[in-house]
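Derivation of every value follows stated rules applied to the coordinates shown; laboratory data play no part. All of these numbers come straight from a predicted model, not from anything done at the bench. Glycine gets a Cβ as well: all are built from the backbone with ideal geometry, and neighbour counts include every protein chain shown.
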Amino acid sequence: MTTAVPTHIELASRPEAWPTHDNVRTTQVTYGDLEPGQVRVLNEFMSVDPYMRGRMNDVKSDTRPCALNETTTGGAVGRIVESAAAGQIARLLGAKRGDNIGKMVVKI
């Protein structure tokens with residue numbers, strides 16, 4: 001059995017002014033074996049964009065606010081470190097051999 005224990009960042013409370021460490025918390029979640037057709041991605045870089053500050057508030061906006069006590073979401077660059085999708089990765093990415101996906105080239 002292969003396990004992964006990633007660190008998640010959760011919004012613990014909505015900031016009243018500038019965000020502080022009290023507004024976020026980290027948690028660790030253990031994931032077990034992959035199901036057939038799944039891949040495990042190790043995020044190398046996370047994007048922390050200015051628009052994310054607005055998502056910390058629960059107000060009408062063009063983007064959905066972050067939910068309290070749930071893992072925050074955002075863009076990331078990662079690499080597949082484990083696969084239970086032999087021969088299916090390009091299909092999972094909606095690509096075929098040699099296609100560019102953003103700045104990533106699928107090489108299978």
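For a paramagnetic label modelled on Leu68 (point 7 Å from Cα along Cα→Cβ), amide N atoms under 17 Å away belong, within the range 32-61, to 55-60. For Val41, the shell of other residues with beta-carbons less than 14 Å away shows a net charge of 0, using +1 for Lys and Arg and -1 for Asp and Glu.
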